[in-house]
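Asks: Before I ask anything, let me first share the structure, which is written out below as structure tokens.
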Amino acid sequence: MAERVRKHLGREIGLGREYFFVVEGHSNRTGAQTYLHMHGAIASHDPGERVRIEAALARAAGQELRGSRRVARSVHSAWFELVQVAYPNYLFKFTLRDDPRLDDRRLVMSRPMTQAASMFWNDIAHKRA
């Protein structure tokens, strides 16, 4: 999934954009298994590119490819000025729940975010004075 997201977003809005998504397969309301879906965020400076981002993510999920139609209610987005503290809790709520359709790699991050996380880890874990 990470490579598909990277490929489709790169084609649509260019490479180097920061984003992260968590793949999950359970309903927030009932906790029951449901369609695989993603929650996350992507850096954007232009609200006008929202439609292009949604289209790229839909294609990464396998929709609107080779003449297929988008499944109703499959792509939702909202413009955030600031991510609230509760949002990461919401993102990771089902990451530890067993789902045979998913492996352990449920986090999709852009290369700039992965590199920044690696540098941060090196700073706090290995380079203490």
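Asks: How much accessible surface area, in Å² rounded to 10, belongs to the heavy atoms of ARG52 with a 1.4 Å probe?
Replies: Here the residue's solvent-accessible area equals roughly 100 Å².
Asks: Provide the net charge surrounding MET1, with neighbours chosen by a C-beta distance below 11 Å and charges set as Lys +1, Arg +1, Asp -1, Glu -1.
Replies: +3
Asks: On a C-alpha basis, how far is the centre of segment 9-61 from the centre of segment 75-128 in Å? Whole number, if you could?
Replies: 13 Å
Asks: Sticking with this one: Which whole-number percent of Cα pairs in segment 72-123 have a distance greater than 13 Å?
Replies: 76 percent
Asks: Could you point to the residue in LEU102, ILE124, VAL22 farthest towards the positive end of the chain's charge dipole, with +1 and -1 charges on the Cβ of Lys/Arg and Asp/Glu respectively?
Replies: Towards the positive end, the residue furthest out is LEU102.
Asks: Starting from the alpha-carbon convex hull of segment 1-65, give the projected area averaged over all orientations, in nm².
Replies: In nm², the orientation-averaged hull projection of segment 1-65 is 4.9.
Asks: With Kirkwood radius over Cα pairs in Å defined as stated, name the option among [x] 16.7; [y] 16.2; [z] 14.4 computed from the structure displayed.
Replies: [y]
Asks: While we're looking at this one, here's another question. Where does the chain land at 222 nm, in deg cm²/dmol rounded to the nearest 500, when only DSSP H runs of n ≥ 4 count, each adding -39500 (n - 2.57), divided by all residues?
Replies: -10500 deg cm²/dmol
Asks: Here is a further query. Quick one: which residues, 5+ away or cross-chain, put their amide H under 5 Å from the amide H of GLU18? H built at 1.01 Å from N.
Replies: ALA43
Asks: At 0.36 nm per residue, and after removing the present C-alpha to C-alpha distance, how many nm does the segment from ALA116 to ASN28 gain when stretched out fully?
Replies: Length gained between ALA116 and ASN28: 28.7 nm.
The values are calculated or read from the model by the stated rules, or taken from the named source; none is laboratory data. Note that the structure is a prediction, hence the values are computed from the model and not measured. Here Cβ is always computed from backbone atoms with ideal geometry, including for glycine, and neighbour counts include all displayed protein chains. All accessible areas refer to the heavy atoms of the entire protein, side chains included, with ligands and DNA or RNA removed. Shrake-Rupley method; radii C 1.70, N 1.55, O 1.52, S 1.80 Å.
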